[in-house]
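J.: This is the structure I want to talk about, given as structure tokens.
The values are calculated or read from the model by the stated rules, or taken from the named source; none is laboratory data. Quick caveat: nothing in here was measured; it's all calculated off a predicted structure. Counting neighbours? That spans all protein chains shown, and the Cβs are built from the backbone with ideal geometry, glycine included. Side chains are part of the model used for accessible areas, which takes the heavy atoms of the whole protein and leaves out ligands, DNA and RNA. Shrake-Rupley method; radii C 1.70, N 1.55, O 1.52, S 1.80 Å.
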Amino acid sequence: MDLKGNPVCLKPKYRDRLILVSKSLDCLDGKEIKNMERQFLINWKASKDAKKISKKKNSKKEDSSNSYIRISL
């Protein structure tokens with residue numbers, strides 16, 4: 001797939017996103033997509049998603065502990 005000159009190329013991390021959503025894409029903008037690159041992006045996204053989930057859980061815990069403190073006062 002060659003997207004050179006396409007406005008989508010202006011989006012941040014467009015290449016990374018396309019590689020993640022298209023498992024069969026083997027070449028983008030004239031550059032081969034290597035297995036190691038794809039695996040790195042998959043791991044990076046999984047790590048990023050896990051951090052988001054952890055952050056949400058911690059935020060909920062803080063909210064519930066803060067409401068307990070407010071009730072106590």
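J.: Roughly how big is segment 7-49's charge dipole about its Cα centre, with Cβ charges of +1 (Lys, Arg) and -1 (Asp, Glu), in debye to the nearest 20?
T.: For this selection, approximately 140 debye.
J.: F40 to C27: extension gain in nm, 0.36 nm per residue of separation minus the Cα-Cα distance?
T.: 3.0 nm
J.: Suppose the chain between L10 and K51 were pulled fully straight at 0.36 nm per residue; how much longer would it get relative to their current alpha carbon spacing?
T.: Additional length available on full extension: 12.1 nm.
J.: Counting other Cβ atoms within 10 Å of each Cβ, which trypsin sites (Lys or Arg not before Pro) in segment 14-55 have at most 16 and sit in a DSSP loop?
T.: Sparse-neighbourhood loop trypsin sites (Lys or Arg not before Pro): K23, K34.
J.: Here's another thing I want to ask about it. Over segment 7-49, average the accessible area per residue using a 1.4 Å probe and give it in Å², no decimals.
T.: For segment 7-49, the solvent-accessible area averages 75 Å² per residue.
J.: Going by a ≥ b ≥ c, the root eigenvalues of the Cα gyration tensor, does segment 7-49 fall in the rounded group (a/c under 1.5), the prolate group (a/b larger than b/c) or the oblate group?
T.: Oblate, because a/c is 1.5 or more while a/b does not exceed b/c.
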